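All of the numbers you see were taken from the coordinates with simple rules; none came from a lab. Every value quoted in this text rests on a predicted model; they were computed, and no experiment measured them. We place every Cβ from the backbone using ideal geometry, glycine too, and count neighbours over all the protein chains shown.
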Amino acid sequence: MEASPKLHAKAAASAIRTVEAEIEGLRALARALETDLAAALNDAVDTIARARGRVVVTGMGKSGHVARKIAATLASTGTPAFFLHPGEASHGDLGMVAVGDVVVALSWSGETPELRDVIHFCKRFDVPLVAISSESASALATAADVALILPRAEEACPNGLAPTTSTTMQLAFGDALAIALLENRGFSAADFREFHPGGRLGTRLITVADLMATGADVPTLRPDATLSEAIFEISQKRYGGAGVVDATGQLLGAFTDGDLRRALPMADLTAKVGDHMTRRPVFVDPRLLATEALRVMNERPRPIMLMFVCEAGRLVGAVHMHDLLRAGIA
């Protein structure tokens with residue numbers, strides 16, 4: 001049976017109240033990060049950055065689900081991390097925690113009983129404990145080396161019981177912690193790709209060096225080569241052009257099919273390539289993301305099909321637009 005428009009309107013109003021409650025929680029969190037929470041966040045980043053081991057993220061119930069996501073985000077942004085279920089910790093999984101690790105424990109109340117053995121273990125073996133809670137006087141916050149006290153906020157649940165606003169704030173704070181650590185470490189897009197080789201994200205992080213031709217596969221000519229020799233070199237390789245280089249491999253110019261067509265009405269096949277090449281050709285660094293190289297090729301007044309790749313001005317590779325498209329770069 002189809003729901004009435006009145007019921008649809010009621011659901012929409014409820015959804016809006018939920019979103020607005022969570023937005024207000026995030027605003028409160030942002031204000032806290034500008035004041036009381038700033039120093040503790042710096043301490044947490046320093047503690048984790050100094051650790052020789054991994055970050056062990058733990059929490060129970062909804063906080064546990066958030067903790068899993070925080071661990072995954074940390075691991076994918078250069079901070080080795082994993083999730084430890086506090087219920088299983090007391091039955092042998094504490095063996096996963098080693099000297100040199102840091103434990104990050106989430107509990108909104110700070111009184112989650114399942115975290116008791118994790119806290120005792122940290123104290124016994126001098127494992128730094130970072131708490132994320134909303135209660136500064138709680139058992140977890142009191143025991144922690146660094147206590148990150150999130151501001152209290154109204155849950156979206158009309159009964160004030162179901163974790164909604166609180167888990168949104170925990171999740172956002174976990175992202176803030178991960179990004180602060182990423183920036184502290186100087187984690188780059190190239191580093192990011194090491195942990196994200198698959199899917200669309202992996203494709204976006206492919207570099208020019210991953211796709212370019214190198215060595216003998218790169219079409220090259222000397223400036224004193226003849227147009228006849230240029231035709232042979234361009235025909236032998238599949239790029240529709242060649243880089244013109246000096247004796248040291250420095251890129252002097254480009255000679256393409258178009259340059260050849262423009263040269264032949266006024267010159268014969270014994271003419272020199274250097275007299276008809278395109279000077280100051282566009283080139284890119286091999287570490288450039290392939291998506292950016294495609295943008296450079298497309299945004300020229302006349303799109304470029306062949307892109308040269310140089311290091312310190314020396315020709316080291318070539319990439320054709322078709323190479324980028326075949327790799328799914330778009």
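Expressed as a whole number of Å, what is the distance separating the alpha-carbon centroids of segment 204-271 and segment 29-49?
56 Å
Share of antiparallel DSSP beta bridges in the chain, in percent to the nearest 5? Write down the numbers at each step before the final one.
Details: 17 of 38 bridges.
Of the beta bridges lying entirely in the chain, close to 45 percent run antiparallel.
Taking R0 as 25 Å, what FRET efficiency do you get between ARG279 and ARG326 from their Cβ-Cβ distance, rounded to the nearest 0.05?
On the way: r = 30 Å, r/R0 = 1.21.
Efficiency, rounded to the nearest 0.05: 0.25.
Can you list the HN-Hα couplings for segment 253-262, worked out from phi with the Karplus curve (6.51, -1.76, 1.60; θ = phi - 60°), rounded to whole Hz and with x for Gly and Pro?
Whole-Hz 3J(HN,Hα) from phi for segment 253-262: x, 10, 10, 10, 3, x, 4, 5, 5, 6.
How large is ³J(HN,Hα), in whole Hz, for each residue of segment 291-303 in order, when computed from phi with the Karplus curve 6.51 cos²θ - 1.76 cosθ + 1.60 and θ = phi - 60°, using x for Gly and Pro?
4, 6, 4, 5, 4, 4, 5, 7, 8, 5, x, 10, x
Please return the longest stretch of the chain lacking exposed loop sites, where GluC sites (Glu not before Pro) count only if DSSP places them in a loop and at most 15 other Cβ atoms lie within 10 Å.
Values: sites that count: GLU2, GLU111, GLU154, GLU299.
By the stated rule (loop sites, at most 15 other Cβ atoms within 10 Å), 155-298.
Could you work out how far apart the two model spin labels at ALA30 and ASP246 are, taking each label as a point 7 Å from the Cα in the direction of the beta carbon, and quote it in nm?
The two pseudo-label positions are separated by 5.5 nm.
Would you tally the net charge around GLU311, using a Cβ to Cβ cut-off of less than 13 Å, leaving GLU311 out, and scoring K and R as +1, D and E as -1?
Working: positive: ARG287, ARG314; negative: ASP285.
Here the count lands on +1.
Below 8 Å, C-alpha to C-alpha, sequence gap of six or more: please give me the relative contact order for the chain in percent. Please report the intermediate quantities before stating the final value.
On the way: 558 pairs, mean separation 45.3, N = 330.
Taking the mean separation of contacting Cα pairs over the length of the chain, I get 14 percent.
Quick one: net charge of LEU37's neighbours, Cβ under 12 Å, K/R +1, D/E -1?
That sum, taken over residues with Cβ under 12 Å, equals -2.
Counting other Cβ atoms within 10 Å of each Cβ, which trypsin sites (Lys or Arg not before Pro) in segment 204-307 have at most 14 and sit in a DSSP loop?
On the way: sites: ARG204, LYS237, ARG238, ARG261, ARG262, LYS272, ARG279, ARG287, ARG295; in loops: LYS237, ARG238, ARG287.
Qualifying residues, ordered by number: ARG238, ARG287.
Would you mind calculating the gained length between THR214 and ALA162 on full extension (0.36 nm times residue separation, minus the Cα-Cα distance), in nm to one decimal? Before the final figure, lay out the partial values.
Numbers: separation 52, 0.36 × 52 = 18.72 nm, distance 5.88 nm.
Length difference between fully extended and current span is 12.8 nm.
Restricting to lysines 8 or more places apart or on different chains, can you count the pairs in the chain with Cα atoms under 29 Å from each other?
Details: LYS10/LYS62; LYS62/LYS123; LYS69/LYS123; LYS237/LYS272.
Lysine pairs satisfying the spacing and distance rule in the chain number 4.
Give me D for segment 5-187 in µm² s⁻¹, whole number, from Stokes-Einstein with Rh from the Kirkwood sum over alpha-carbon pairs, 10 °C and 1.306 mPa s.
Values: Rh = 16.8 Å.
It diffuses with D of about 95 µm²/s by this estimate.
At most 12 other Cβ atoms within 10 Å and a DSSP loop assignment: could you name the trypsin sites (Lys or Arg not before Pro) in segment 1-110 that fit?
Numbers: sites: LYS6, LYS10, ARG17, ARG27, ARG31, ARG50, ARG52, ARG54, LYS62, ARG68, LYS69; in loops: ARG52, ARG54.
Hits after loop and neighbour filter: ARG52.
Could you list which residues have their amide H under 5 Å from that of VAL316, counting only those 5 or more apart in sequence or on another chain, with H placed in the peptide plane?
VAL309, CYS310, GLU311
Could you check the spin-label model distance between ASP175 and ARG300? Points 7 Å from the Cα along Cα→Cβ, value in nm.
3.9 nm
Pop a pseudo-label 7 angstrom from the Cα along the beta-carbon direction at both LEU264 and ALA9 and give the gap in nm to one decimal.
7.5 nm
Could you work out [θ]222 nm for the chain from helices alone, using -39500 (n - 2.57) per DSSP H run of at least four and dividing by all its residues? Round to the nearest 500 deg cm²/dmol. The partial results should precede the final answer.
On the way: 14 runs with 148 residues, N = 330.
Roughly -13500 deg cm²/dmol at 222 nm, from the helical runs in the chain.
Please report the projected area of the chain's Cα convex hull averaged over all directions, in nm².
26.6 nm²
With θ set to phi - 60° and the Karplus curve 6.51 cos²θ - 1.76 cosθ + 1.60, what are the ³J(HN,Hα) couplings of segment 314-319 in order, to the nearest whole Hz, using x for Gly and Pro?
Each residue of segment 314-319 in turn: 8, 5, 10, x, 8, 9 Hz.
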